[in-house]
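In what follows, a structure is listed as structure tokens, so that the remarks can point back to it.
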Amino acid sequence: MIKITYVTADGTEQPVEVEPGMSLMEVATLRGIEGIVAECGGGCSCATCHVYVDEAWQQTFEEPAPEEADLIEFLDEAKPTSRLSCQLVLRAEHDGLCVRTPASQG
């Protein structure tokens, strides 16, 4: 099991423990994490699972695919640490990961 902490826009921390192999979006929807809508269910087509990955963890994930980068480019609240949580698959090395949700999705 690995521990992941989601921090909502209002600063509320929501720690969860999960098995590696799930995406951050899957975990969020299964655990009822506020701030992740995931309208497309993980198809990388809606950007309603936008999160900010703490800088220290950015390099533990692969670079965004062109489809993800295109969606992020058009988000009002995009930052250099923006990612779509449906594209971030958790591995054992992500134990302790912290991600933040934006004030709004979509």
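The values are calculated or read from the model by the stated rules, or taken from the named source; none is laboratory data. Not measured: the values here are computed from a predicted model. Virtual Cβ from ideal backbone geometry, glycine too; neighbours counted across all protein chains shown.
The table below gives the values:
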{"item": "Test: residue in the range 11-25 that is at pLDDT below 95, crowded, with 18+ Cβ neighbours inside 10 Å and of a type in the set (Gly, Ala, Ser)", "result": "no"}
{"item": "Matching option when the condition is without any contact (Cβ under 8 Å) to a residue 60 or more places away in the chain, within 22 Å of residue 70 (Cβ to Cβ) and exposed (fewer than 13 other Cβ atoms within 10 Å of the Cβ), among 32, 43", "result": "43"}
{"item": "Entirely in the chain, the strands (runs of 3 or more DSSP E) that have 2 or more residues that are touching a His at 6+ places or on another chain (Cβ under 9 Å)", "result": "2-7, 82-84"}
{"item": "Residues that are surrounded by fewer than 18 Cβ atoms within 10 Å (Cβ to Cβ) and under 12 Å from the mean Cα position of the chain (by Cα), drawn from the range 75-97", "result": "81, 89"}
{"item": "Residue in the range 49-61 that is over 13 Å from the mean Cα position of the chain (by Cα), surrounded by 19 or more Cβ atoms within 10 Å (Cβ to Cβ) and not aromatic (Phe, Trp, Tyr) present", "result": "no"}
